[in-house]
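For reference, the structure discussed in these notes is given below.
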Amino acid sequence: MKNKRRVGSYYEQKAVEYLRQKEYAVLECNYHTRSGEIDIVAKDGMYLCFIEVKYRTTSAYGNPLEAVDFRKQKKIRKSALAYLMKHGMTEWTPCRFDVIAFEGEHLTHIENAF
């Protein structure tokens with residue numbers, strides 16, 4: 001499990017570097033709530049972005065984007081609502097849910113993924 005966490009952290013850091021190059025303001029990484037975890041919280045212009053990072057070495061076990069299924073999306077939404085409330089923001093705050101997927105070293109960024 002430690003190795004899996006180390007690999008996950010490595011790709012989350014690569015995602016953070018990518019976002020900073022795209023001029024996102026990275027606010028938090030690995031934000032935990034009772035509902036789950038948000039890998040990255042960042043600001044892109046007026047949008048508060050809740051970003052899930054997924055990694056697969058190959059597509060043999062499916063595309064990493066497919067791993068962000070409805071159940072995972074629901075957990076991320078609940079965690080995002082908790083983030084908004086904790087930081088004194090309303091549900092009317094402009095938000096976006098993105099996914100950054102790595103297949104090997106290839107990065108795909110889907111804005112407004114769900």
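The values are calculated or read from the model by the stated rules, or taken from the named source; none is laboratory data. Note that this is a predicted model, so its numbers are computed, not measured. Heads up, the Cβs are rebuilt from the backbone with ideal geometry, glycines too, and the neighbour counts pull from every protein chain shown.
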Among the residues in segment 33-40, are any farther than 20 Å from Gly8 by Cα and at pLDDT below 95?
yes
Checked segment 99-110 for anything touching a residue at least 24 places away in the same chain (Cβ under 8 Å) and in a loop (DSSP other than H, G, I, E, B); matches are Gly104
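Residues are listed down the side, and each one gets a yes or a no for (1) modelled with pLDDT under 95; (2) within 13 Å of Asp98 (Cβ to Cβ); (3) of a type in the set (A, V, I, L, M, F, W, C); (4) under 14 Å from the mean Cα position of the chain (by Cα):
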position	(1), (2), (3), (4)
Arg6	yes, no, no, no
Lys22	no, yes, no, no
Cys29	no, no, yes, yes
Asp44	no, yes, no, yes
Leu48	no, yes, yes, yes
Glu52	no, yes, no, yes
Tyr55	yes, no, no, yes
Within segment 92-100, can one find any residue that is touching a Leu at 6+ places or on another chain (Cβ under 7 Å) and hydroxyl-bearing (Ser, Thr, Tyr)?
yes
Determine, yes or no, whether Arg71 is surrounded by fewer than 16 Cβ atoms within 10 Å (Cβ to Cβ) and more than 12 Å from the chain's Cα centre (by Cα).
yes
